[in-house]
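Take a look at the structure set out below.
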Amino acid sequence: MTAAYDLVIIGAGPGGYPLALRQARKGWKVALVEADQVGGTCLNWGCIPTKALLASAKGLHFLRHADRLGLTAGTPGFSWDKIQERKDTVVAQLRGGIEKLLTGAGVTLVRGWGTLQPDRKVTVTGSEPAELEGKRICLAVGSIPGVPAVFPQDRSLFWTSNEALYTREIPDTLLVVGGGVIGLELGQVFAEFGSKVTVVEMMPQILPGLDTATAKRLLPVFKKAGLEILVGQKVEGLQADQGRVTCQIGGQTRIFHKALLAIGRRPNLRCLEGSPVKLEQKGPFLAVNERFETSQPGVFAIGDAVPGPMLAHKATYDAEQLARQWDGETGGPDYRSVPCCVYTYPEIAWVGLSEEEARRQEVPYKAGRFLFSANGRALAMGEPDGQAKALVDPEGRLVGAVLWGPEASDLIQEPTLLRALDVGGHAFSQVIHPHPTLSEAFLEAYENALGRNLHG
Ligand SMILES: Cc1cc2nc3c(=O)[nH]c(=O)nc-3n(C[C@H](O)[C@H](O)[C@H](O)COP(=O)(O)OP(=O)(O)OC[C@H]3O[C@@H](n4cnc5c(N)ncnc54)[C@H](O)[C@@H]3O)c2cc1C
């Protein structure tokens, strides 16, 4: 028998579960289909487990350099098993919280694999088979590691982020293919815990999207942190040989204990496999209009499955936008102020246009900078490395910002707010910033762009 709902969502990640909560709390009858765990990639295989491991790595780094603050920490050590257990506990705690919220809101969680069928129906296979029908369907199916078939598929040697996050071993040497966010974050974790890590990026810079000057400036910083980073180089002939990874980099044969393939992700459109439903695509993504509707009326899609930055907060933003549109609000999504964060140490974060993009788009701007080494709080914390940079247009509006240094991922929220609210004139200069705080660095950079900063 087919169960009827107002809304059937496939995928309980940071796109799907917030949409389920929003609509159920309005009284809609909502079914949420999930083949793995609620929380999706973000909670179980992405944002949260990486940050938990990075917190342990950063803690160890702090202990190793405690003498900077006049502290004696003995010989710092660690238990990888305990670090993994802690990470799993954090993930489980958050997962339990989401499940409680879903139950409290009256969402029907259907565990199993959903396949889209014609006429807004979904077949669920697995231990709880079901036939569901929705007045509306939303595909919040997310993404999976994008490893092309030409790459070796043996996941015991050639990890994706999924294997790296849950591994019980720390390899002596690790090749990271790809110098994006995932490659750098996980590369740093393994480097701190003892692996000799080599990151190879094919593009001329690490972190595509980050402004070029900052990306260049960060190379020696990561080198000092123990990562060998090669940019503008290709890994060729990657293969397994007697239980090791072999390849050529820059014409030289290199051997590693493991490889981490961090070369991007692709939308997970397997909910369409074996289905007579055909949806239009834009490249690897599902094509949607401003109302997140696919080429099939009544079938919507959000998050990593549709074009835009593949980030958890963008997926949740999509869910909120879609919920608002169903409430009758007009206006499509606006992705001009999506912040990007890298939670390495130092942290890196940016929002809006880079200098290169601003020049390409002929957006007028002046760049202002401020070093954390001139910020009282950063010095007091013993973390003087880093810089705030603001690109400001002649009307005082923020075009873009990039921060690297202590707490950059939290500090980016102020520029994000400025840009999202399109604040110009002298308004921001008059906002009182507490002293001494790291937030003063961005204010100084902004003021520097306008030629009126106090320090420097
Ligand atoms: C290692 C790593 C670190 C990351 N760190 C960050 C970070 O720090 N910050 C950030 O913003 N982003 C980060 N991301 C990206 C972030 O995880 C994704 O952008 C986000 O999870 C996308 O949300 P989503 O809801 O679109 O999809 P997902 O979170 O991928 O969720 C989709 C869900 O749908 C389920 N599903 C798919 N198909 C079916 C089906 N047919 N039937 C039933 N269920 C199905 C999947 O099992 C999954 O649970 C990271 C990703 C990785 C891999």
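Among the residues in segment 142-157, are any among the basic types (Lys, Arg) and within 23 Å of Ile249 (Cα to Cα)? So far as segment 142-157 goes, yes, one or more of its residues are among the basic types (Lys, Arg) and within 23 Å of Ile249 (Cα to Cα). The single condition from (1) more than 26 Å from Ala287 (Cα to Cα); (2) in the same structural domain as Leu21 (by TED's automatic domain parsing); (3) more than 15 Å from the ligand (Cβ to nearest atom) that Arg136 fails is (1). Condition check: surrounded by fewer than 15 Cβ atoms within 10 Å (Cβ to Cβ), polar (S, T, N, Q) and more than 30 Å from Gly15 (Cα to Cα). Does Gln239 satisfy that? Yes. Determine, yes or no, whether Ala358 is assigned to a helix (DSSP H, G or I), among the aliphatic types (A, V, I, L, M), closer than 23 Å to Phe292 by Cβ and at pLDDT 95 or above. No, not satisfied.
Just one of (1) within 25 Å of Val141 (Cα to Cα); (2) of a type outside the set (A, V, I, L, M); (3) surrounded by 20 or more Cβ atoms within 10 Å (Cβ to Cβ) fails for Gly264. It is (3).
With the requirement that a residue be within 12 Å of the ligand (Cβ to nearest atom) and buried (at least 20 other Cβ atoms within 10 Å of the Cβ), what does segment 293-309 give you? Those that are within 12 Å of the ligand (Cβ to nearest atom) and buried (at least 20 other Cβ atoms within 10 Å of the Cβ): Ala301, Ile302, Gly303, Asp304, Ala305, Val306.
When the residues of segment 97-115 are filtered to those that are in a loop (DSSP other than H, G, I, E, B) and touching a helix residue (DSSP H, G or I) at 6+ places or on another chain (Cβ under 9 Å), the one that is farthest from the ligand (Cβ to nearest atom) is Gly106.
Answer with yes or no whether Val141 is in a strand (DSSP E or B) and buried (at least 20 other Cβ atoms within 10 Å of the Cβ). Judged against the criteria, Val141 is not a match. Scanning segment 152-185 for residues that are surrounded by fewer than 15 Cβ atoms within 10 Å (Cβ to Cβ) and of a type in the set (Phe, Trp, Tyr) turns up just one, Tyr166.
May I ask you to list pairs of residues, at least six apart or on different chains, whose Cβ atoms are under 6 Å apart, with the first in segment 311-328 being farther than 19 Å from Arg266 by Cα and the second being within 13 Å of the ligand (Cβ to nearest atom) and aromatic (Phe, Trp, Tyr)? Filtered contacts from segment 311-328: Leu322/Phe292.
Within segment 23-51, how many residues turn out to be surrounded by fewer than 20 Cβ atoms within 10 Å (Cβ to Cβ), in contact with a strand residue (DSSP E or B) (Cβ under 9 Å, 6 or more places away or on another chain) and either touching a residue at least 24 places away in the same chain (Cβ under 8 Å) or not assigned by TED's automatic domain parsing to the domain that holds Ala315 (or both)? The total comes to 2. Scanning segment 1-41 for residues that are within 9 Å of the ligand (Cβ to nearest atom), in a strand (DSSP E or B) and acidic (Asp, Glu) yields one hit, Glu34.
Taking the conditions (1) assigned to a loop (DSSP other than H, G, I, E, B); (2) not assigned by TED's automatic domain parsing to the domain that holds Lys29; (3) not aromatic (Phe, Trp, Tyr) in turn, Glu128 satisfies each one other than (2).
The residues of segment 133-166 that are of a type in the set (Val, Ile, Thr), out of contact with any Pro (no Cβ under 9 Å at 6 or more places or on another chain) and over 26 Å from Trp80 (Cβ atoms), listed by number, are Ile137, Val150.
Let's see how each residue does on (1) loosely packed, with under 12 Cβ neighbours inside 10 Å; (2) under 26 Å from Gly13 (Cβ atoms):
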{"site": "Ser56", "(1), (2)": "no, yes"}
{"site": "Gly59", "(1), (2)": "no, no"}
{"site": "Phe62", "(1), (2)": "no, no"}
{"site": "Arg68", "(1), (2)": "yes, no"}
{"site": "Thr72", "(1), (2)": "yes, no"}
{"site": "Phe78", "(1), (2)": "no, no"}
{"site": "Lys82", "(1), (2)": "yes, no"}
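A count restricted to segment 409-448 and to residues that are more than 16 Å from Gly376 (Cα to Cα), buried (at least 23 other Cβ atoms within 10 Å of the Cβ) and in contact (Cβ under 8 Å) with a residue 60 or more places away in the chain stands at 3.
The values are calculated or read from the model by the stated rules, or taken from the named source; none is laboratory data. If you're wondering where the values come from, they're calculated on a predicted model, not measured in any experiment. Every residue, glycine as well, gets a Cβ built from its backbone with ideal geometry; the counts of neighbours run over all protein chains shown.
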